[in-house]
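Participant: What follows is a single structure, and I will ask about it in a moment.
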Amino acid sequence: MCDRSDDALSLTDFLEGLEAYVNADTPSCDKVALDAVSEKLAQEFRNLGCRVLVHERAGGNILECRIGRGPRQILLLGHMDTVFPRGTAAERPFKRANGKLTGPGVLDMKSGVLMIFEILRFFSSGIPDGWRLCAILNADEEVGSKESEHLIRERAKSSVACVCLEPSKPDYCTVARKGILSFRLNTTGVEAHSGVNYAMGHNAIRAICGIVGQLYRLCDEEKGISVNIGGISGGSGKGNIVAGSASVLGEVRFYHKEDYEPIIKFIRNACADTDDPKVTGKVEFLSYRPPMAQTKQSAGLYDIALRAAQRNGLTLKPRTHGGGSDGAFAADVGIPVIDGMGAEGEFSHTGEGYVKEDSLVPRLKMCIDLIQSLFHEMQKKGEQRHE
């Protein structure tokens, strides 16, 4: 359905822009670095003719870019932040070799952001009456999207569908994801000399280890519930002092929204049970991303995407997995969502992450074809309702 020539969707300009983008570090929570890049991106979107709103946020500004002025909206989602700290791009800059594109964030998801740019560029020369595209590019997806969740939900409420340009494994898209609940546990005990006054001490590390053991009882392979403790700290660092404090960072991932409240209750109860009346436990819930379940409507959206993929010579198999995405917020308000429609590759969040170079143009055409198909399908349904 996409009728633009191959030359207009060639890799040349795309890769030039991608190289510059990958070589600019954009770590989560680094507002200076993120805003410097988002400012340049905002100007590029304005040059296309997009209406660009910059939403000021403490951790990095959000870009909202629109094409078209009709009442029916399709939402596109992407994020500018990466998991890699400043200096990573200087250590291992963008590289093109052996059919692979590498560099920090090239897969997750700088290539996807530039695919959104190309999608809006395509439709900037003409979008059907009655339609508009709205792209949200946030700066905190990798740390839970606390500063952008509300905006994503609000724009989703006024949209008929959402296409998320997160990356995918080769030949796949994402139709369902786990929810993510992150937390911090703190225990406070009583410091003491571990030899002279051992009985006077109440060890916060010992208590928190017991709590961690309790938390792992939440794991349920059949229901798809997983627990991970990703960081632990505490005490003075000296073996001759009973630890007076300890802290752990962790998360629980789960497929079913009805498991959320029981998980919260379990964590609170586990933290309260320090097995020592002189040690207190406290839990802080840091962020929550709901599960993204496949509904009947989102299954229909996948069917449309599958036909678009086939028209462009691609395989598009549905995938369910544990990774998080802002698409979950859009799905949670009740609109159909298809995720993982960005570049194909492997090994997100690692130094080995790469994009398959030959996937970029076909996947981009597939996304454009999908959006065109949505225009057509929605128009047809509207006409049928008025017959």
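The values are calculated or read from the model by the stated rules, or taken from the named source; none is laboratory data. A quick note: this is a predicted structure, and the numbers were derived from the prediction, not measured. Cβ coordinates were reconstructed from backbone atoms using ideal geometry, including for glycine residues, and neighbour counts include every protein chain displayed. When the accessible area is computed, the model is the full protein with side chains, heavy atoms only, and any ligands, DNA or RNA have been set aside. Shrake-Rupley method; radii C 1.70, N 1.55, O 1.52, S 1.80 Å.
Participant: Pick from Asp13, Asp35, Asp81: which is among the acidic types (Asp, Glu) and in contact with a Leu (Cβ under 7 Å, 6 or more places away or on another chain)?
Facilitator: Asp81
Participant: Applying the selection to segment 215-256, what residues are open to solvent by 20 Å² or more (accessible area, probe 1.4 Å), over 29 Å from Ala176 (Cβ atoms) and touching a residue at least 12 places away in the same chain (Cβ under 8 Å)?
Facilitator: Passing the criteria: Ile232, Ser233, Gly234, Gly235, Ser236, Gly239, Asn240, Ile241, Ser245, Ser247.
Participant: Which of (1) open to solvent by 30 Å² or more (accessible area, probe 1.4 Å); (2) under 19 Å from the mean Cα position of the chain (by Cα); (3) under 27 Å from Leu306 (Cα atoms) is the odd one out, the single condition Ser158 does not satisfy?
Facilitator: (2)
Participant: Out of segment 21-34, which residues are open to solvent by 30 Å² or more (accessible area, probe 1.4 Å) and in a helix (DSSP H, G or I)?
Facilitator: Lys31, Val32, listed by residue number.
Participant: Would you check which residues across segment 74-124 are open to solvent by 10 Å² or more (accessible area, probe 1.4 Å), hydroxyl-bearing (Ser, Thr, Tyr) and in a strand (DSSP E or B) and list them?
Facilitator: Thr102, the sole residue that qualifies.
Participant: Whether any residue in segment 125-138 is among the hydroxyl-bearing types (Ser, Thr, Tyr) and either modelled with pLDDT of 95 or more or buried (at least 24 other Cβ atoms within 10 Å of the Cβ) (or both) is what I want to check.
Facilitator: Checking segment 125-138: not a single residue is among the hydroxyl-bearing types (Ser, Thr, Tyr) and either modelled with pLDDT of 95 or more or buried (at least 24 other Cβ atoms within 10 Å of the Cβ) (or both).
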